[in-house]
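Enquirer: So that we are looking at the same thing, I have put the structure below in structure tokens.
The values are calculated or read from the model by the stated rules, or taken from the named source; none is laboratory data. What you see is a predicted model, and the numbers here were worked out from it, not measured in a lab. Every residue, glycine as well, gets a Cβ built from its backbone with ideal geometry; the counts of neighbours run over all protein chains shown. SASA here: full protein model, heavy atoms, side chains in, ligands and nucleic acids out. Shrake-Rupley method; radii C 1.70, N 1.55, O 1.52, S 1.80 Å.
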Amino acid sequence: MIAALMVATLSANAQQMFIKPMVGADLTTLTGDVEGAKMKVGLVAGAEFGYNINEMFTLTAGALYSMQGAGVKDSDVKLKIDYINIPVLANVYVAPGFAIKAGVQPGFLMSAKADDVDMKDHLKKFDLSIPLGLSYEISDFVIDARYNLGVTNMIDKEGNKYGAKMRNSVIMLTVGYKIPF
């Protein structure tokens, strides 16, 4: 009887934690003192770990590779900026399977190029965003839509004589699969 209770307790706790591999696309641009920036499509992929506190509230944290940047209007030039983002989100379920989410997202610059010119030395290595979004779960599949509002000025202070500001603006749509453990 004690063994059965222990197994039941372990399986109940296992349902509280999950990993969610996810992949999708993001539409990105740059805001601030940027003229002629237009949306660019990129890939986003990674995984999030989650902990179900109760039926209405879940905390998640993850690591996502994200292709960000922007195109330049009336040109073929594209600023390609790659980040590893670490979203930390609170998920509030307002209906079965439907969650509203918000949190913070530190990001770490991996590369930055304008065509074939390396721009990494001109940008800050750390970026902070505020992700806001919605998700819907069908069985263990999760469709997730987020807007990541950049709050960090991406331009490195060295060489920024005029105090120009440039921030990330990202719309992200992913599909994931929850694997409890």
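Enquirer: Quick one: Leu89 ticks every box in (1) open to solvent by 80 Å² or more (accessible area, probe 1.4 Å); (2) assigned to a strand (DSSP E or B) bar one, so which box is it?
Expert: Condition not satisfied by Leu89: (1).
Enquirer: Quick one: how many residues across segment 126-153 are touching a residue at least 24 places away in the same chain (Cβ under 8 Å) and within 20 Å of Leu43 (Cα to Cα)?
Expert: Residues that pass the stated criteria total 19.
Enquirer: For segment 62-95, which positions are over 20 Å from the mean Cα position of the chain (by Cα) and modelled with pLDDT of 95 or more?
Expert: Residues satisfying the conditions are Val94, Ala95.
Enquirer: Say whether the condition of being more than 22 Å from Met39 (Cβ to Cβ) and polar (S, T, N, Q) is met by at least one residue in segment 130-142. Step through it out loud before you land on a result.
Expert: Pass one, segment 130-142, residues more than 22 Å from Met39 (Cβ to Cβ): 135-142.
Now narrow it down to the ones that are polar (S, T, N, Q): 135, 139.
Yes - at least one qualifying residue is present in segment 130-142.
Enquirer: For segment 93-122, which positions are part of a strand (DSSP E or B), under 30 Å from Glu137 (Cα atoms) and open to solvent by less than 60 Å² (accessible area, probe 1.4 Å)? Before you say what the answer is, go through the steps one by one.
Expert: Our first condition is that a residue be part of a strand (DSSP E or B); within segment 93-122, this holds for 93-95, 98-114, 117-118.
If we keep only those that are under 30 Å from Glu137 (Cα atoms) too, we end up with 93-95, 98-108.
Scanning segment 93-122 gives Tyr93, Ala95, Ala99, Lys101, Ala102, Gly103, Gln105, Pro106, Gly107.
Enquirer: Same structure, new question: Can you name the residue in segment 123-170 that is among the basic types (Lys, Arg) and part of a loop (DSSP other than H, G, I, E, B) and is also least open to solvent (accessible area, probe 1.4 Å) among such residues?
Expert: Keep residues of segment 123-170 that are among the basic types (Lys, Arg), which gives 124-125, 146, 157, 161, 165, 167.
Within this subset, residues satisfying the condition of being part of a loop (DSSP other than H, G, I, E, B) are 124-125, 157, 161, 165.
Numbers: Lys124: 57, Lys125: 99, Lys157: 159, Lys161: 176, Lys165: 90 Å².
Looking at the filtered set, the residue picked out is Lys124.
Enquirer: Could you say whether any residue in segment 20-32 is farther than 12 Å from Gly69 by Cα, loosely packed, with under 13 Cβ neighbours inside 10 Å, at pLDDT below 90 and under 30 Å from the mean Cα position of the chain (by Cα)? Give the derivation first.
Expert: So the first thing to find is which residues in segment 20-32 are farther than 12 Å from Gly69 by Cα, and the list is 20-25, 32.
If we keep only those that are loosely packed, with under 13 Cβ neighbours inside 10 Å as well, we get none.
Looking through segment 20-32, none of the residues is farther than 12 Å from Gly69 by Cα, loosely packed, with under 13 Cβ neighbours inside 10 Å, at pLDDT below 90 and under 30 Å from the mean Cα position of the chain (by Cα).
Enquirer: Still on this structure, I have one more. Before we move on, is Asp118 of a type outside the set (Phe, Trp, Tyr), touching a Ser or Thr at 6+ places or on another chain (Cβ under 9 Å), without any contact (Cβ under 8 Å) to a residue 60 or more places away in the chain and over 19 Å from Thr29 (Cβ atoms)?
Expert: Numbers: of a type outside the set (Phe, Trp, Tyr): yes; touching a Ser or Thr at 6+ places or on another chain (Cβ under 9 Å): yes; without any contact (Cβ under 8 Å) to a residue 60 or more places away in the chain: yes; over 19 Å from Thr29 (Cβ atoms): yes.
Yes, satisfied.
Enquirer: For residues in segment 34-84 being part of a strand (DSSP E or B) and charged (D, E, K, R), which is least open to solvent (accessible area, probe 1.4 Å)?
Expert: Step one: filter segment 34-84 for residues part of a strand (DSSP E or B), giving 37-38, 40-52, 57-72, 78-84.
This time we only want the ones that are charged (D, E, K, R), so: 38, 40, 48, 78, 80, 82.
Numbers: Lys38: 82, Lys40: 17, Glu48: 1, Lys78: 94, Lys80: 112, Asp82: 30 Å².
Residue satisfying both the conditions and the ranking: Glu48.
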